[in-house]
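Visitor: Pasting in a structure now, in structure tokens, and then I'll have a few things to ask.
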Amino acid sequence: MALRELLRVPVGRPVDLSSYDTSAAAPSSGGPADKAAGVRATALMEPALAGLQERLYAASTAGDHRRLLLVLQGMDTSGKGGTIKHVIGCLNPAGCRVRSFKAPTAEERAHPFLWRIRRALPVPGEIGIFDRSHYEDVLVARVRELAPRRDIDRRYGQINRFEKSLADEGVTVVKVFLHLSYEEQRKRLLARLDDPEKHWKFDPGDIDERALWPAYRQAYEIALERCSTEEAPWYVVPADRKWYRNWAISALLLEHLRALDPQYPEGDFDVAECRKRLLAE
């Protein structure tokens, strides 16, 4: 079975994240048996990913409007940045558009919440990667009560309509929730404290956020349930094991790009004539 079927959140069903594995130990997670096998399998996918990215970009020069958007969401330390470093690193940066969404600026707050998202979308032929996304406006906003609840409840429908419009325009949306356990997050935060070179990545506020873990989990469950659609499904990727996370997201990207099957455009010139002219010089 394809990994995107194994990890996909069913459409229209309640989501209980406690029933989802975080360590990739369950058979339902699929994948290699151990870290060594996972690292090898990930490396073996890199040439195919790079080749498909090139074909996607090449096809856009002949009018193909398709593109792919990878949305990464997860609790702090779940590996959004690590995914970009280890998975996207094999791709040509010229064909990628990476955007990290922090707290909105004053200008962004003056517009509807999807305004800044639309400005960051990949253009035809590109692979876009969002480190956090428009879902912050139904996650942090819900937990921290940054907007009236009725406004937040309306946003789920707005997100679904927005993502359907993207699909209609040729954007393949791959939404990944990096599912991290409470204890693994503690280990990763402690590792940052133990390494002076990682202090820049530590924020004491992360400890305060851990107290809101149940509220964040509920917010994610609501978002996954209400916004996993046929046009833009959610995928829950176990994130306690970094090697599995990297393998799984590489495999998801590869499956989606193979389904798109972009093709190199044919040249609109006489190949034989051009060859003859070059050899005659």
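The values are calculated or read from the model by the stated rules, or taken from the named source; none is laboratory data. Keep in mind it's a predicted model, so treat the numbers as computed, not measured. Here Cβ is always computed from backbone atoms with ideal geometry, including for glycine, and neighbour counts include all displayed protein chains. These accessible areas exclude ligands, DNA and RNA; they are computed on the full protein's heavy atoms, side chains included. Shrake-Rupley method; radii C 1.70, N 1.55, O 1.52, S 1.80 Å.
Visitor: Whenever you get a sec, compute what percent of the accessible area on the chain sits on carbon and sulfur atoms (1.4 Å probe).
Guide: On the chain, the fraction of accessible area on carbon and sulfur atoms equals 52 percent.
Visitor: What do you get for the angle between helix 35-60 and the principal long axis of the chain? Use alpha-carbon atoms, 0 to 90 degrees, nearest ten.
Guide: 50
Visitor: OK, next. Please work out whether the range 63-204 counts as rounded, prolate or oblate from its C-alpha gyration tensor, where a ≥ b ≥ c are the square roots of the eigenvalues and a/c under 1.5 means rounded, while otherwise a/b larger than b/c means prolate and anything else oblate?
Guide: oblate
Visitor: Under a 1.4 angstrom probe, counting protein chains only, how are C274, C227, C96 ranked by accessible area, largest first?
Guide: Result, largest first: C274, C96, C227.
Visitor: Quick one: accessible surface of K85, probe radius 1.4 Å, all protein chains present, in square angstrom to the nearest 10.
Guide: Roll a 1.4 Å probe over it and K85 shows about 150 Å².
Visitor: Whenever you get a sec, line up W115, W243 from highest to lowest accessible area (probe 1.4 Å, protein heavy atoms).
Guide: W115, W243
Visitor: State whether the range 211-268 is rounded, prolate or oblate according to the following rule on the C-alpha gyration tensor (a ≥ b ≥ c being the square roots of its eigenvalues): a/c under 1.5 gives rounded; otherwise a/b larger than b/c gives prolate, and the remaining case gives oblate.
Guide: In terms of gyration-tensor shape, oblate.
Visitor: Follow-up. With every protein chain kept in place and ligands, DNA and RNA left out, what is the accessible area per residue of the range 77-172? Probe 1.4 Å, answer in Å².
Guide: Computed with neighbouring chains in place, this is 49 Å² per residue.
Visitor: To check you understand DSSP bridge types, tell me what percent of the beta bridges within the chain (both residues inside) are antiparallel, rounded to 5.
Guide: 5
Visitor: How do R8, R245, R149, R97 stack up against each other in accessible area, from largest to smallest, with a 1.4 angstrom probe?
Guide: R149, R97, R8, R245
Visitor: Loop only per DSSP, at most 13 neighbouring Cβ atoms within 10 Å: give me the GluC sites (Glu not before Pro) in the range 178-262, ordered by residue number.
Guide: Sparse-neighbourhood loop GluC sites (Glu not before Pro): E230.
Visitor: Tell me the accessible surface of I127 in square angstrom (1.4 angstrom probe, heavy atoms of protein chains only), to the nearest ten.
Guide: 0
Visitor: Right, here's the next one. Cross-link list K85/K198; K175/K201; K35/K80: which exceed 23 angstrom alpha carbon to alpha carbon?
Guide: K175/K201, as the Cα separations exceed 23 Å there.
Visitor: What does the accessible area of H111 come to, in Å² to the nearest 10, when a probe of 1.4 Å is used?
Guide: 70
Visitor: Once R0 is set to 35 Å, what does the formula 1/(1 + (r/R0)^6) return for the Cβ-Cβ distance between R275 and R97, expressed as a FRET efficiency to the nearest 0.05?
Guide: With a Förster radius of 35 Å, E is 0.45.
Visitor: How high is the relative contact order of the chain, given as a whole-number percent (alpha carbon pairs under 8 Å, six or more residues apart)?
Guide: Taking the mean separation of contacting Cα pairs over the length of the chain, I get 35 percent.
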